[in-house]
Amino acid sequence: MSIYRNTVWFVKGLKEYTRGGYEAAAKHFTPDDLQVDLSGRSFVITGANSGIGKAAAQEIASRGGTIHMVCRNKDRAEAAKDEIVEQSKNQNVHVHIVDLSSAHQVWEFAQNFSQNNTVHVLINNAGCMVNQRELTEEGLEKNFATNTLGTYIITTALMPALKKVQDSRVITVSSGGMLTQKLNVDDLQFEKGTFDGTMAYAQNKRQQVILTERWASQHKEVHFSSMHPGWADTPAVQSSMPGFHAKMQGRLRTETMGADTVVWLAAAAAAAKQPSGLFFQDRKAVATHLPLASSRSTPQEEEKLLQVLEQFAAKFKQFS
Ligand SMILES: NC(=O)c1ccc[n+]([C@@H]2O[C@H](COP(=O)([O-])OP(=O)(O)OC[C@H]3O[C@@H](n4cnc5c(N)ncnc54)[C@H](OP(=O)(O)O)[C@@H]3O)[C@@H](O)[C@H]2O)c1
């Protein structure tokens, strides 16, 4: 952990990641960017029953897109689906029950799904910050399994389907918290030292940004972006960071504000004109490192991340 990085990041966050930061940035948005008809396009959104994912699903459904909600809890997912259908008047909203922390479930879903459906846009939104070191049934640390491996497997398994269509996009909801972290590929399961859920989460979010850059250079047919939604008032922030949530009352973004750049990256023509692989905040590509933060990784470390994830993914594919 670097005290310098954490302090610089928090001061930056108070200015940019809050509701006030959003309102200042929104003055420069082009409103017409989101005047789009998305009918005929298919959007797979993980964690679409709550928070930023649900707000993004709502905005996309209102513009006519077909929504595939990938969620772990049937009751929560169906309740959110009913709300989205009612508000958007769009019946093309479907629920798929998948636990993103279960590698074999993710493989099974994505492989079946891509055989029978079209995918224009994948939004990797589901995420968690688990504050105790917990293992999944597959023996993987839970933050890593959900945020990094789940994202890696669903993206890899849907890649052939994404490559079959025009203007396909993958958006990964990372976090500005990743700016506090340098890639650590030697301890992906957080086995060494004292476990810190906030740091584990931020490390996963750094990994998502690096994966996005790597995918962009490997798969030119698909447009990739990662993004930071800002600090939005969602169930995850309330339950995983109660102290922060209480301190920031009144200054947090709404879920819709948090979802704005997700929707823009998924839907706007202007977004697809940006180079692939960048990290966005409030509809603008932004730096992936703080000044003087020494958080850059080497190409070898990044290559190793991909190799290790490929090995994990292959291991669980056998059982799907
Ligand atoms: N809110 C912020 O200020 C903020 C800031 C930076 C980044 N983010 C990122 O934004 C994304 C959305 O979070 P949020 O703030 O909108 O929180 P949220 O309302 O709690 O949404 C998180 C979603 O992810 C789902 N999810 C978590 N683990 C899952 C699993 N194993 N399998 C399937 N779905 C799973 C949750 O499902 P359940 O409802 O079943 O729990 C929920 O639908 C996350 O990636 C988060 O890291 C948020």
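Rule-based calculations on the coordinates, nothing more; no lab input. Every value quoted in this text rests on a predicted model; they were computed, and no experiment measured them. Here the Cβ positions follow ideal geometry from the backbone for every residue, glycine too, while neighbour counts run over all protein chains shown.
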Original post:
Can you list the HN-Hα couplings for the stretch 127-137, worked out from phi with the Karplus curve (6.51, -1.76, 1.60; θ = phi - 60°), rounded to whole Hz and with x for Gly and Pro?
Top reply: x, 8, 10, 9, 7, 10, 6, 10, 9, 7, 4
**OP:** Please list 211-221, 119-129, 138-148 highest first by mean number of surrounding beta-carbon atoms within 10 Å per residue.
**Re:** 119-129, 138-148, 211-221
**OP:** Kindly provide log₁₀ I(q)/I(0) values, in the same order as q = 0.16 Å⁻¹, from the Debye equation applied to equal alpha-carbon scatterers of the chain.
**Re:** -1.50
**OP:** Please list, in chain and number order, the residues 5+ apart from Val93 or on another chain whose amide H is under 5 Å from its amide H, with Hs placed from the backbone.
**Re:** Ile67
Original post:
Reported to two decimal places, what Rg/Rh ratio describes the stretch 76-188 when computed on Cα atoms with Rh from the Kirkwood expression?
Top reply: 1.00
Subject >> Tail fraction, Cα-Cα pairs, the stretch 161-317, threshold 29 Å, whole percent >> reply: 23
**OP:** Can you bin the stretch 1-160 into rounded, prolate or oblate? Criterion: square roots of the alpha carbon gyration tensor eigenvalues sorted a ≥ b ≥ c, rounded for a/c under 1.5, prolate for a/b above b/c, oblate for the rest.
**Re:** oblate
Original post:
Ranked highest first by average number of other Cβ atoms within 10 Å, how do 77-87, 54-64 line up?
Top reply: 54-64, 77-87
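Which value, to two decimals, describes the C-alpha radius of gyration of the stretch 127-238 once divided by 2.2 N^0.38 Å?
The reported ratio for this selection is 1.11.
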**OP:** Mind jotting down the three principal axis lengths of the stretch 111-168 based on Cα atoms? Whole angstrom, largest first.
**Re:** 42, 19, 13
Original post:
Sorted by average packing, counted as other Cβ atoms within 10 angstrom per residue and highest first, what order do 271-283, 255-267, 150-162, 8-20 take?
Top reply: 255-267, 150-162, 271-283, 8-20
Original post:
Which shape class applies to the stretch 254-294: rounded if a/c is under 1.5, otherwise prolate when a/b exceeds b/c and oblate if not, where a ≥ b ≥ c are the square roots of the Cα gyration tensor eigenvalues?
Top reply: oblate
**OP:** Work out, step by step, the length gained on full extension between Phe195 and Lys247: first 0.36 nm times the residue separation, then minus their alpha carbon distance; give nm to one decimal.
**Re:** 16.3 nm
